[in-house]
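Have a look at the structure below before the remarks.
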């Protein structure tokens, strides 16, 4: 079974169990904490991903380090991954869990890329219009890219609106080339 299907199954199982116990929000927070720890701590990453450390020793060390820090359900889940030698799928399982959480909560990701930092009022207005038109909550990220020259590119899940000057200049250039033929 490929890794993404495996991660999806583990994430779905954790999500359904957390939902059944009304702990979805807490488990989400725990997973965010742990993925941050995995990214920031070389020791934790080494512990989790090392093939040299026996599974039972990993489980004991993880339990000692995280007991009382994360919810028991989250700790049990991590122990399950370790027991089945699937701790290498932890990051992708967390990503899948977050996708399930966002879908359940009606949250959509949006990204706005612009040549300069956009005014907060403009972004708030854009977010409000997107929430109104999609009937979902929008989590917006912004990014600057000077190559756009002006305007912006809005990406909303698998849809993209390119209102950049760069694209307009590219189209004009292409039209000029075609008219010379």
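None of the figures in this text is laboratory data; all of them are computed from the coordinates on show. Source: prediction; values computed, not measured. When we count neighbours, we look across all protein chains shown, and the Cβ atoms used for this are built from the backbone with ideal geometry, even at glycine.
Before moving on, here are some points about what is shown:
- Length gained when the stretch residue 69-residue 83 is fully extended (0.36 nm per residue, less Cα-Cα span): 3.0 nm
- One way to sum up the overall shape of the range 3-103 is the equivalent ellipsoid from its Cα gyration tensor, whose semi-axes run 21, 14, 13 Å, largest first.
- Most mobile of 167, 31, 81 in a GNM of the chain (Cα contacts under 10 Å): 167
- Distance between modelled label sites at residue 120 and residue 177, nm, 7 Å Cα→Cβ extension: 4.3
- Ordered by the number of other Cβ atoms lying within 10 Å of each residue's own Cβ, fewest first, 162, 30 fall into the sequence 162, 30.
- Working from Cα pairs under 8 Å separated by at least six residues, relative contact order for the chain is 20 percent.
- Just so you know, the Cα atoms of the chain work out to an Rg and Dmax of 21.9, 72 Å.
- Residues 101, 90, arranged from fewest to most other Cβ atoms within 10 angstrom of their Cβ, appear as 101, 90.
- The calculated FRET efficiency for residue 21 paired with residue 163, based on their beta-carbon distance and R0 = 41 Å, is about 0.35.
- Modelled FRET efficiency - R0 25 Å, residue 92 with residue 145, Cβ distances, 0.05 increments: 0.35
- Part-to-part distance (alpha-carbon centres) for the range 1-33 and the range 62-99, which is given in Å: 9
- Mean Cα-pair separation over length for the range 3-103, i.e. relative contact order, pairs under 8 Å, 6 or more apart, %: 48
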